C-alpha cells in the first residue's frame, strides 16, 4: 500500500521525525567535543586571549610606589617572582581541553593560577602592614597599583574552566559566584577598616597638639572635620559599588563589569598620560581608603569581580542580553555611584573652603565654588536621568541627550579639577608621585566615572534598539451565553407570520432547553417538510366528491 498525492495524509505518517544518524545524545548542546570554529570555541579563545593580554600588561604597569617598570629601585627578587607566576598563568591557557576529563582540566587551570593570586594578595598584605607601621608619619605606604589590578583580572580569567556551551548558566557557575560574593564582603570590610584606621590616626594627630599653653581650638577642629568628611565620602563610594558584587542579579553584574573595566582603563591612563600626576598625586597607584580618596580595596575588588562575571555578562543567554529591564537597572545603578561621588566632591570642596577661611589660609573662593557647581550640576543631571529611566521609555531623545550631557560633565569635571585647583609656588616631588596642587580632590576615581558614564551612554543606545516581544493573543471562544441574541422582527398584528419569520428560518435563534443536540439533528431520517403559509398558496377551496359513473 502506498500513498500518492490524492490520498489524505494521516497523523502518524506526517508527524514522524527521523533522528539524525549518530550516537544518542550527540546532538545535545554542551556534550562532547565542540567542533573547531564553533561559537563556544571562539568564545574560549577570546577569553584566553584577553587573559594573556592582561597578564602581559600587568608587567608594564606599576604594582606599588616602589616596584614596577620605570620605577627606580625595583627589587630583582620581586621581578623574578612576577616572571615566574606570569609564566605559570600563561601555561594554564594552553592546557589541552580533553572532553573526557573536563574536571581535571579545570583543576589544573586553577592550580596554575593560584601562585599569581597569592602574589597579588602579598602586595595587599605588605601595604596593610606598612600602613600600620607608618601611620601618623610623613612616609607613604606602597599602595597597590594598576599592574596588580591587571594581573588579578588576567589570572582569574585564565583560572576559569573552558566553556562547554555558547552561553553560561548561573547554576553551572555557582562556585565562582560564591567566590565573587566573598570578594565583595572582603572589599567592604577592608574599606571600612582602612577608613576607621585613618580617621583614628588623624584624630590622634589633632589631639596631640592640645595641652600646655595651646588648648583645643580651631586648628584641631578643622583637622577632625576634614578627616571625617574625606573618609565618609570615600567609604560610601566603595560600599555602594562593592554592594553590587553581593547582588546576584544580571543588572548588578553588568554594572560591576562596566565599573571594573573603567577602573583598569583609568589606572592605565593616569599612569601613561603626561598630566596624570596632576590628576592623581599618587600617579594612579591607589592607597588604602580615605588616605587619598577611594582606595585599592575598591579598585582591586571591582576589577577581579569584572573578570569573574565575564561568562555571565559577555556570554550571557539571549533572554538576558535582550531584556530591556536588565539594561535599565544596570544604568540606574551606575548613575547612583555618579550621584554619590559628585555630591561628595562638592561637599569636600566646600569643606576645604570653610577650613581655609577659618584658618586664614590663602584661598580661591571662585575656583572652589565653580568646581562645586560643576559637581552639583553633574549630580543633578544624573538624578534627572535616573528618574526618567524609571518612568519613561528608553527610546527617547531626552534620555539620550541627558546621557550625553552626563558624559560631557564628568569629563569636564576632571579637566577643570586640574586647571582650577590652587597650586604651590615651589614644591619638591618624588620621581613617582607628588605634584604642586594645594587641593587634591580630583583623583583616579573621577577618571573611572568618565569611563562609567561612557558605558551608560552606550547602554542607553543599545537598550533603545531592543524591542519588546509581542504577546500572541489567544483566540476568544464564544459560548452560547455570550452570543448576541437575535433581533426580533415585527410581525403584522392579527395575521400569520410571513415565511421569513417562521421558526424554521430563524437559524440564529438561541438553543432552548429541550432542543436536541447537533448530532441527533444531523442523523439520517425522513426529508424535512417545507412549511408553506396560506398567504403564498392562497385559500383552499372545498371540492365535492363525485362518483366516476355519476356524470351530469
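The values are calculated or read from the model by the stated rules, or taken from the named source; none is laboratory data. Because the structure is a prediction, the values reported are computed rather than measured. Cβ atoms come from the backbone with ideal geometry, glycine included; neighbour counts cover every protein chain shown.
Some points to look at:
- Residue among 376, 355, 340, 336 that alone is touching a helix residue (DSSP H, G or I) at 6+ places or on another chain (Cβ under 9 Å) and either buried (at least 19 other Cβ atoms within 10 Å of the Cβ) or modelled with pLDDT under 95 (or both): 355
- Qualifying residue in the stretch 176-191 (condition: closer than 19 Å to residue 105 by Cα and assigned by TED's automatic domain parsing to the domain that holds residue 290): yes
- Residue match in the stretch 218-232 (condition: surrounded by 24 or more Cβ atoms within 10 Å (Cβ to Cβ) and either closer than 21 Å to residue 184 by Cα or touching a helix residue (DSSP H, G or I) at 6+ places or on another chain (Cβ under 9 Å) (or both)): yes
- If you filter the stretch 394-426 down to residues that are modelled with pLDDT under 85 and closer than 30 Å to residue 68 by Cα, you find that the one that is surrounded by the most Cβ atoms within 10 Å (Cβ to Cβ) is 423.
- Odd one out for residue 425 among (1) part of a helix (DSSP H, G or I); (2) free of Cβ contacts under 8 Å to residues at least 12 places away in the same chain: (1)
- Check on residue 429, out of contact with any strand residue (DSSP E or B) (no Cβ under 8 Å at 6 or more places or on another chain) and surrounded by 16 or more Cβ atoms within 10 Å (Cβ to Cβ): no
- Filter result for residue 263 (closer than 29 Å to residue 389 by Cα and outside any helix (DSSP H, G or I)): no
- Residue identified as surrounded by fewer than 16 Cβ atoms within 10 Å (Cβ to Cβ) and touching a residue at least 24 places away in the same chain (Cβ under 8 Å) among 116, 173, 185: 185
- Cβ separations smaller than 7 Å between residues 6+ apart or across chains give the following pairs from the stretch 70-89 residues that are on the phi < 0 side of the Ramachandran plot and in the same structural domain as residue 116 (by TED's automatic domain parsing) to residues that are surrounded by 17 or more Cβ atoms within 10 Å (Cβ to Cβ) and in a loop (DSSP other than H, G, I, E, B): 71/62; 71/432; 74/68.
- Test: residue in the stretch 199-206 that is part of a helix (DSSP H, G or I), in the same structural domain as residue 108 (by TED's automatic domain parsing) and either touching a strand residue (DSSP E or B) at 6+ places or on another chain (Cβ under 8 Å) or surrounded by 15 or more Cβ atoms within 10 Å (Cβ to Cβ) (or both): no
- Some residue of the stretch 153-170 being farther than 27 Å from residue 68 by Cα, at pLDDT 90 or above, surrounded by fewer than 16 Cβ atoms within 10 Å (Cβ to Cβ) and within 33 Å of the chain's Cα centre (by Cα): no
- Taken over the stretch 315-332, the criterion of being closer than 21 Å to residue 38 by Cα, touching a residue at least 60 places away in the same chain (Cβ under 8 Å) and surrounded by 17 or more Cβ atoms within 10 Å (Cβ to Cβ) is satisfied by 315, 316.
- Among the residues here, residue 441 qualifies as within 23 Å of residue 365 (Cα to Cα), over 22 Å from the mean Cα position of the chain (by Cα) and crowded, with 16+ Cβ neighbours inside 10 Å.
- Matching residues, the stretch 263-281, being under 12 Å from residue 62 (Cβ atoms) and either surrounded by fewer than 16 Cβ atoms within 10 Å (Cβ to Cβ) or in contact with a strand residue (DSSP E or B) (Cβ under 6 Å, 6 or more places away or on another chain) (or both): 272
- Within the stretch 239-260, restricting attention to residues that are assigned to a helix (DSSP H, G or I) and free of Cβ contacts under 8 Å to residues at least 60 places away in the same chain, the residue that is surrounded by the fewest Cβ atoms within 10 Å (Cβ to Cβ) is 243.
- Here the stretch 78-98 is the region considered, the condition is being modelled with pLDDT under 85 and over 32 Å from the mean Cα position of the chain (by Cα), and the residue that is surrounded by the most Cβ atoms within 10 Å (Cβ to Cβ) is 98.
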